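Take a look at the structure below.
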Number of protein chains: 4
Amino acid sequence: MTNNHAPDDTDTTTLTIDEGSVPAPSKRRLESRRRILAAARQLFVERGYHGTRPQDISKAAGVGHGTFYLHFADKLECFLAFAEEASKELEMFGEQHHTHEAQTLKEGVHEILSVIFNYSEENPGVLAAAMTDINVLATEEMDMPMPDQRWAEQWGDNVKEWQAKGEVAADIDPLFAGHVLLGMIRQVGSYGARAETTKEEVLEKLTQAMIRMLTD
Amino acid sequence: MTNNHAPDDTDTTTLTIDEGSVPAPSKRRLESRRRILAAARQLFVERGYHGTRPQDISKAAGVGHGTFYLHFADKLECFLAFAEEASKELEMFGEQHHTHEAQTLKEGVHEILSVIFNYSEENPGVLAAAMTDINVLATEEMDMPMPDQRWAEQWGDNVKEWQAKGEVAADIDPLFAGHVLLGMIRQVGSYGARAETTKEEVLEKLTQAMIRMLTD
Amino acid sequence: MTNNHAPDDTDTTTLTIDEGSVPAPSKRRLESRRRILAAARQLFVERGYHGTRPQDISKAAGVGHGTFYLHFADKLECFLAFAEEASKELEMFGEQHHTHEAQTLKEGVHEILSVIFNYSEENPGVLAAAMTDINVLATEEMDMPMPDQRWAEQWGDNVKEWQAKGEVAADIDPLFAGHVLLGMIRQVGSYGARAETTKEEVLEKLTQAMIRMLTD
Amino acid sequence: MTNNHAPDDTDTTTLTIDEGSVPAPSKRRLESRRRILAAARQLFVERGYHGTRPQDISKAAGVGHGTFYLHFADKLECFLAFAEEASKELEMFGEQHHTHEAQTLKEGVHEILSVIFNYSEENPGVLAAAMTDINVLATEEMDMPMPDQRWAEQWGDNVKEWQAKGEVAADIDPLFAGHVLLGMIRQVGSYGARAETTKEEVLEKLTQAMIRMLTD
DNA sequence: TATGAATGAGCATTCATTCAT
DNA sequence: CATGAATGAATGCTCATTCAT
């Protein structure tokens, strides 16, 4: 599980000429990783974690099977990188579509949900795949924070802010509410997939439900 | 996927007065199945679907490998039987703890949640395991209704009844609400496992959240 | 392979009241064996030796799985009994359709082939299944005479008789000719199955070919 | 059943001048396949199809279990490759030992039989194993032409040519004769194995029998 | 840095046979 | 004499990972 590989290639900002220790990842290397992650995303979404083999990912990425392990210690690490990427992407997506700072609770909830729904529309299945309960994945260890834990915490932080502004009932436990809200969002995907309805309708219903839950 | 293992269903040309045609499964057979299902439950809960091998189940059940396949066509069928059993059990559990018919929304929600929480306390992890998103399990087939779909629908039915009594806001879509409520419950398990809190506290918080969500 | 079972039930003629040693097989026992063999024949023909499980045979025969082993030491013994039965049946079939004793070579060959062809028409696939090369079946042992060896020898005996009458060239080795004739018959089944032709046509062609081969 | 193992056939977006597009299999890969096929041949001959496990083949070939499936989709595909190889080999063997073009029927038959007998002497059991009735092997599918069908057709073609030269009776159906000749050859192996005789003797006898059968 | 052939422990499943009833 | 549940060694095959090139 520990990454005993080549230097971590997240810091892409180093422009210094190789000072000795951490050589800047070559263009080729980054390109490989990008292709692998893109392929992994598609396959994890389409077939799920257990239905996707590293071989499939490598093949879809157009690289050799060994190259996969040049970038990820194992399959799980690759999945987590995918989930991380999706999370970051959603965050960026939110920042880009963020409109006005000071907003009412209703506006705030609606905007966040809009971001999630729009992202899901553009990237169908990605969030569901990334939220795959990790205890389904790994039998052991699992000390690392799971994506859905982080998301629940983020929702909790939002609730806390709204609470500070007096828009959310004071007797609500923010972290608890964060989990509940996340749960609502997760399961709603299942509803949307089966009921004949539109994204907008679901969005409105969910916004209303959340508001009601959060206010007295 | 269909269980063609059950007592022989071919031409039973018995001339006896049809006492049921399908000879009652022998005690031994039933006992085997019971043991296997009990072992399966424990292992699916402890290690998850993919972490559990038919071999492990057989061993834990104290039967031979082949006996497993005498009762279940394959691993997935065994898992579904486990999920079904859990569902039935929860239902029976509810019926046994059901107290008074006519109840307010708050009493109703609280009671149902109590049942779920108490069942989960007696059978830790069982509901979570049984709700394992089956599309994580089988990429194909899956025409059969998934446990969580059924549960969402049941919650939806409850909401509809409360709505009829005027206790739930009229503008709420019952099926949608059913999904949302199920989502809340599922995720709350994750909260309860991590936050330092008591079952009672979580129960109270969740009841309150649900009530707020359902009323105007 | 050795039959360490109940007394061999071929001698059905004993009418004596149990004199102590070889109790007459009960009606029930014989009926069981008959049913099993009938089922075995059908399945060996339809699915081949390796495609047929003792369980399948028992089920088709409407008896318990254990009953199979009451009559046959193992699957191979059952197959050999089936082959033996087919052989006997063909012989009886021949005797019943046997018309006139003194016959020319052409008449003789034609008659024997007629018997075989007619039997095959009434019992499609049985001879082919019974002739299954036994080295395909058992990896070891195989000291017992295989059905096709016996048939080759029978053809050889026929050739010898015709030779004695001066109808077959004197320089022909009867046993060799027996094998060759058997080979012709076996492969012709494959021809008949694929070429669009009638049984009669094939019969005529084969008779002609055999006659030519045997005469100078 | 199709071999999707061969070097990657997906989008090879190489811009190089198409030198074959499918990268030539590496030496190592070819060597592995060769070793596996060699081991498979020996084991199929010695123990038959059902007596040979992929595991045995891999072990005998000195490669890992998985390597077997890198080259063959399953056991049956491996067997068919073996049969195909034997067929090709026999053909090449024939071409190498082919002496003079214009030949009488007797010379022609004798030469072909010589080739087969000599090949069988150098490769004992190979032809018999390769001719294993495939319907004994696969109950389903089997659209591909079986080795023995092809051989019967080849013999048929030979008969047709001889017929054109007027050396074979005009009233003979070439394809029918092809099957009959193949049948003779197949069964003769069984005779040769049991009767105490020499290869040369059998060859002479069989040549004579075939000639007689084909001429008026 | 990249490759892809090779690996072998591991998996789900089968089936000829046994034995308690 | 009959039953059918039980057995477990064996089978065909997979797949995450390694390593020589």
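No lab work stands behind these numbers, since they all come straight from the coordinates. Here the structure is a predicted model, which means the values were calculated and not measured. Cβ coordinates were reconstructed from backbone atoms using ideal geometry, including for glycine residues, and neighbour counts include every protein chain displayed.
Phi-derived couplings, Karplus 6.51 cos²θ - 1.76 cosθ + 1.60 at θ = phi - 60°, listed residue by residue for region D:63-74: 10, x, 4, x, 4, 3, 7, 6, 10, 9, 5, 7 Hz, with x used for Gly and Pro. Listed by chain and number, the lysines whose alpha-carbon sits under 20 Å from that of residue C:106, ignoring those within fewer than 8 places in the same chain, are C:160, C:165, C:199, C:205.
Placing a label point 7 Å from the Cα of residue B:150 along the Cα-to-Cβ direction, the distances to the matching points in the other copies come to 3.6, 5.4, 5.8 nm, shortest first. Between copies, the label points at residue A:30 (set 7 angstrom from Cα along Cα-to-Cβ) are spaced 4.1, 6.9, 9.1 nm, reported in nanometres from shortest to longest. Ranked by how many other Cβ atoms sit within 10 Å of their own Cβ, fewest first, the residues A:131, C:210 fall in the order A:131, C:210. Nearest to the axis that brings chain C onto chain A is this chain C residue, judged by its Cβ, with the distance in whole Å: C:51, 16.
Between the alpha-carbon centres of region B:158-179 and region D:151-216 there is a gap of 86 Å. By the beta-carbon count within 10 Å of each Cβ, the least crowded to most crowded order of D:70, B:214, fewest first, is D:70, B:214. For residue A:215, the distances from its label point to the matching points in the remaining copies are 1.6, 11.0, 11.1 nm, ordered from shortest, with each point set 7 Å beyond Cα toward Cβ. Using R0 = 25 Å, the C-beta based FRET efficiency linking residue A:50 and residue A:121 works out to 0.40.
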